[in-house]
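The values are calculated or read from the model by the stated rules, or taken from the named source; none is laboratory data. The shown structure was predicted, so the numbers you read here are calculated from the model rather than taken from an experiment. Counting neighbours? That spans all protein chains shown, and the Cβs are built from the backbone with ideal geometry, glycine included. The protein model used for the area step is the full one, side chains on, heavy atoms only, and it has no ligands, DNA or RNA in it. Shrake-Rupley method; radii C 1.70, N 1.55, O 1.52, S 1.80 Å.
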Amino acid sequence: MRLSRRGLILGGSALLAGCSSAASTTTSLQLAGAVAPTLPTLPERAAAAHVQVAEAGTTIDPHGVVRKDLLERARAAMDVHGHKISRRDRMYLVDFQKFSGEDRFYEVDLEGGWVTAYRTSHGRGSDPAHSGYAQQFSNRPDSHMSSIGAYATAGASWGSQQGPNVLLDGLEYSNNLARERAIIIHGADYADPAFLARQGKLGRSYGCFSVSHADLVPLRERMGEGRLLFAMT
């Protein structure tokens, strides 16, 4: 029997059920090294996150790593939810238009201008055919879909199923059940480079923003509390 995904939050720790089991039920496994012919060709990428550095001053994302409309919407959301976003030195963006094997989770430094890009999974309910693209979104419990909109980071935590993670509070009607649904940022084998090399795309979560175990380390340290995470298509 699969445990409920609703977490019991005690003393700042999350006792959360598992996105980690999402990859184990995938039916589209391929042989190592095989890539589905319909998948886009991915650039080679080292295990560490790719960093873009602002040339001078405080120009945000001078190299255009992030979609302009995503960046603008996130800045607007930061102002709308200012009472919940207490820290404005950096923000986090997710571009769900992009393929899961591409970098699409961004840390944007609002003081230095640089952008660090990571990969992240989407919910299996958002991509039932496991195409690698999120196609639908929901805030409904047990939908196993990703949710879009503005979140506030709620600090590093630890769960019995997922281990180290970052808690999130949904700030909009499209994601305000994030705590009830145990939507968090956590590491997962199906988001690791080895899985991508075998499958040609990342595995799917139960709605969490799953990242590689290596990428979780700096994210968990830097996201903290009161920073914006904004996801859109």
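How many residues, within the stretch 166-176, are of a type in the set (A, V, I, L, M, F, W, C), in contact (Cβ under 8 Å) with a residue 60 or more places away in the chain and not in a loop (DSSP other than H, G, I, E, B)?
2
What's the number of the only condition in (1) at pLDDT 95 or above; (2) farther than 16 Å from His122 by Cβ that Ile184 fails to meet?
Evaluating Ile184 over (1) at pLDDT 95 or above; (2) farther than 16 Å from His122 by Cβ leaves (2) as the failure.
Could you please tell me which pairs satisfy a Cβ distance under 6 Å, a separation of 6+ or placement on different chains, a first residue in the stretch 110-137 that is under 30 Å from Thr58 (Cα atoms), and a second residue that is open to solvent by less than 60 Å² (accessible area, probe 1.4 Å) and of a type in the set (S, T, N, Q)?
That search, which allows pairs on different chains as well, returns Trp114/Gln52; Val115/Gln52.
Criterion first (modelled with pLDDT of 95 or more, within 12 Å of Leu229 (Cα to Cα), β-branched (Val, Ile, Thr) and open to solvent by less than 70 Å² (accessible area, probe 1.4 Å)) does Val94 satisfy it?
yes
Pick out the one residue from Ser100, Ser126, Ser121, Ser138 that is touching a His at 6+ places or on another chain (Cβ under 7 Å), surrounded by 18 or more Cβ atoms within 10 Å (Cβ to Cβ) and of a type in the set (Ser, Thr, Tyr).
Ser100
If you go through the stretch 103-117 one residue at a time, how many are surrounded by fewer than 23 Cβ atoms within 10 Å (Cβ to Cβ) and not aliphatic (A, V, I, L, M)?
7
Would you mind finding the one in Val65, Val80, Val53 that is in contact with a His (Cβ under 9 Å, 6 or more places away or on another chain), among the hydrophobic types (A, V, I, L, M, F, W, C) and modelled with pLDDT of 95 or more? Working first, answer last.
Details: Val80 fails: in contact with a His (Cβ under 9 Å, 6 or more places away or on another chain); Val53 fails: modelled with pLDDT of 95 or more.
Only one candidate qualifies: Val65.
Out of curiosity, is Leu171 open to solvent by less than 10 Å² (accessible area, probe 1.4 Å) and of a type in the set (A, V, I, L, M)? Lay out the reasoning, then the answer.
Numbers: open to solvent by less than 10 Å² (accessible area, probe 1.4 Å): no; of a type in the set (A, V, I, L, M): yes.
So Leu171 does not fit the description; no.
Just one of the numbered conditions (1) among the β-branched types (Val, Ile, Thr); (2) under 17 Å from the mean Cα position of the chain (by Cα); (3) surrounded by fewer than 21 Cβ atoms within 10 Å (Cβ to Cβ) is not true of Val80; which one?
Status for Val80: all satisfied but (2).
Yes or no: Leu196 touching a residue at least 40 places away in the same chain (Cβ under 8 Å), open to solvent by less than 30 Å² (accessible area, probe 1.4 Å) and under 14 Å from the mean Cα position of the chain (by Cα)?
Details: touching a residue at least 40 places away in the same chain (Cβ under 8 Å): yes; open to solvent by less than 30 Å² (accessible area, probe 1.4 Å): yes; under 14 Å from the mean Cα position of the chain (by Cα): no.
Taking the combined requirement at face value, the residue does not satisfy it.
For (1) touching a Pro at 6+ places or on another chain (Cβ under 8 Å); (2) within 21 Å of Tyr92 (Cα to Cα); (3) not in a strand (DSSP E or B), each residue gets a yes or a no:
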site	(1), (2), (3)
Ala178	no, yes, yes
Arg181	yes, yes, yes
Ile185	no, yes, no
Leu196	no, no, yes
Lys201	no, no, yes
Gly207	no, yes, yes
Ser210	no, yes, no
Asp215	no, yes, yes
